[in-house]
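Below is one structure, written out as structure tokens; comments come after it.
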Amino acid sequence: MEGGVTCRRRPGKWIGGRAGLVLLACWPLFLPLGASASEPRLADVTVVVFNETVPESKTLAQYYAQQRGIEASHLVGLHCPPEEEIDRQVYDQQIAEPLRAQFITHGWWQESEPTEGTAAVVGSQIRFVTLIRGIPLKIRACNGYPGDHPDPTTPFGQSNQAAVDSELAALGFRSRQISGPLKNLYYRSFLPITDPEIDPRLLLVGRIDGPTVGEARRMVDDAIGAERTGLSGWTVIDERGTNDPAYKIGDDWLEHIVAAAFPLGFPTLVDRQPDLFPAGFPLNDVMLYFGWYAEHLAGALADPGFRFRPGAIAVHIHSTSGSTVRSPDRFWVGPLIRHGAAATLGNVYEPYLGLTPELDVFFDRLTHGMTFAESAYASLVGLSWMTTIVGDPLYRPFPVNLDGPRGPLGWRDYQALAERYHNEPEQLASHLLHDEKEPLAAEFAGLVLAAANRPDEAIPALLRARRTAKARPDRLRALLEAVAVLRTRQKRNEADELVRREGGEFRDDTSRHLLESYGAR
């Protein structure tokens, strides 16, 4: 029992692991006992905010509202600059104050009697705010702000720049203290934001934004589509491979995701080396990505042909990952969207590592059926800070009440078997290998056996996947996995022989380099 919601999972057992690729077994059974039929529709507690000075902003807002069933009276137009970065005065006068006035005019906030001239928000009919492309992204630093008291004893206590999303999340608190983060009372919550126990002053703010209006609209479509069919595919974890105490917490978050993915039945590819997954590595069918630490999109995710599965969520930790969301090739947020992600998180300015989203908490809440925005804000220690939440805040990628099949046949078959044989990796692999029609089953079996420290059985399974897969990238990945099994066990001569024997198909420079180096780093 955590935070009022009970979730029951099927039991799982860790079946081993290695430095390269790991397959994690089991499929979840979630029973969210805190949910209630009396809870309001998310559309009814959502306001959509667009920029009146940007015509496509209003058009996109109307489209989003229509797709989500949000009433036209919940669309709010603001007159503000279209630039991503604004100063504090512009934020106050053209965004915060007009939006606060709309909440009061529409009766969306219930207020106490004024004390010293100021009323407090004691109830709210709105819990989500969706900002639409055209609304500024970030507020630059300022000096001498009335009512602000910087704390010179900490570096973050003197910072007063912020993401517009994060600043608006604290709109109901009406604080003039802008330096340093505001404590997030929703941090690590497992309650839906509509629960009456949640502070009514808090708003969960996200944005539909990206390099182009078309991509922003596609994000909406992909999120809604994934809710209907279920999201399936690889979970990709790219660690930094550091033991530096100042930075190890980032790898710890990612390792927690690896461990948590196991009882959920998410097939997972893990790179624990300092470099990113190398360019050319055949990543496909990626539904979740979590990694760090490069300034700009690079490695396999930057390959021109790489594309996330529709509805995918991807987050890369870096101090400036969300410095802009509209560039298709700079930093991380925009490029991840350009490569097909439906949702992501980013830092608009230096957040300091301990104040970035805790990705393991974010992953945990997502996979327990919470919305994208609820999961993101549950992972944040502070508000009025640097995180931008990019994607439909109402997006629920893993709905607990999904009817019908979840994902394509190969993934679905694996999930059913993993649920049945979650404590028996050899039995799971054996049943997977009985499927002679789906090459993906042989790859899964090989990874199960490798993670169970059965390399002599893993290699034949992976080679079967290499020889039977229909797509060249799948054949290359299976061979790379087999080579990595040998190299991570210091069997380099055998790995080289395997490359000579099985690598004839892959003669291009990129593939040859991968075959010669992967697993040996």
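The values are calculated or read from the model by the stated rules, or taken from the named source; none is laboratory data. Quick caveat, the model's predicted, so the values are computed rather than measured. Every residue, glycine among them, receives a Cβ derived from its backbone with ideal geometry; neighbour counts consider all protein chains shown. Accessible surface areas use protein heavy atoms only, side chains included; no ligands, DNA or RNA. Shrake-Rupley method; radii C 1.70, N 1.55, O 1.52, S 1.80 Å.
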Going through the range 191-213 one residue at a time, which ones are surrounded by fewer than 21 Cβ atoms within 10 Å (Cβ to Cβ) and either assigned to a helix (DSSP H, G or I) or not basic (Lys, Arg) (or both)? 191, 194, 195, 196, 197, 198, 199, 200, 211, 212, 213
Anything in the range 265-293 that is of a type in the set (Gly, Ala, Ser) and surrounded by 19 or more Cβ atoms within 10 Å (Cβ to Cβ)? List them, or say none. 265, 280, 291
When you scan the range 339-354, how many residues do you find that are open to solvent by 20 Å² or more (accessible area, probe 1.4 Å) and either touching a Pro at 6+ places or on another chain (Cβ under 8 Å) or in a loop (DSSP other than H, G, I, E, B) (or both)? 4
So residue 256, is it within 30 Å of residue 428 (Cα to Cα), surrounded by fewer than 24 Cβ atoms within 10 Å (Cβ to Cβ) and at pLDDT 95 or above: yes
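Please report, ordered by residue number, the helices (runs of 4 or more DSSP H) entirely within the range 52-113 with at least 2 residues that are in contact with a Leu (Cβ under 9 Å, 6 or more places away or on another chain), modelled with pLDDT of 95 or more and open to solvent by less than 30 Å² (accessible area, probe 1.4 Å). It would help to see each step written out before you state the result.
Working: elements: 55-68, 88-91, 97-105.
Correct list: 55-68, 97-105.
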It is to be established whether one or more residues within the range 413-422 are open to solvent by 10 Å² or more (accessible area, probe 1.4 Å), without any contact (Cβ under 8 Å) to a residue 40 or more places away in the chain and not aliphatic (A, V, I, L, M). yes
Answer with yes or no whether residue 167 is among the acidic types (Asp, Glu) and either open to solvent by 30 Å² or more (accessible area, probe 1.4 Å) or over 20 Å from residue 382 (Cα atoms) (or both). no
Breaking point among (1) assigned to a helix (DSSP H, G or I); (2) within 24 Å of residue 162 (Cβ to Cβ); (3) among the charged types (D, E, K, R); (4) in contact with a Pro (Cβ under 8 Å, 6 or more places away or on another chain), for residue 365: (4)
Condition check for residue 244: at pLDDT 95 or above and among the acidic types (Asp, Glu): no
Pick from the range 423-446 the residues that are at pLDDT below 85 and buried (at least 19 other Cβ atoms within 10 Å of the Cβ): which of them is farthest from residue 463 (Cα to Cα)? 425
Would you pick out the residues in the range 214-241 that are open to solvent by 30 Å² or more (accessible area, probe 1.4 Å) and part of a loop (DSSP other than H, G, I, E, B)? 240, 241
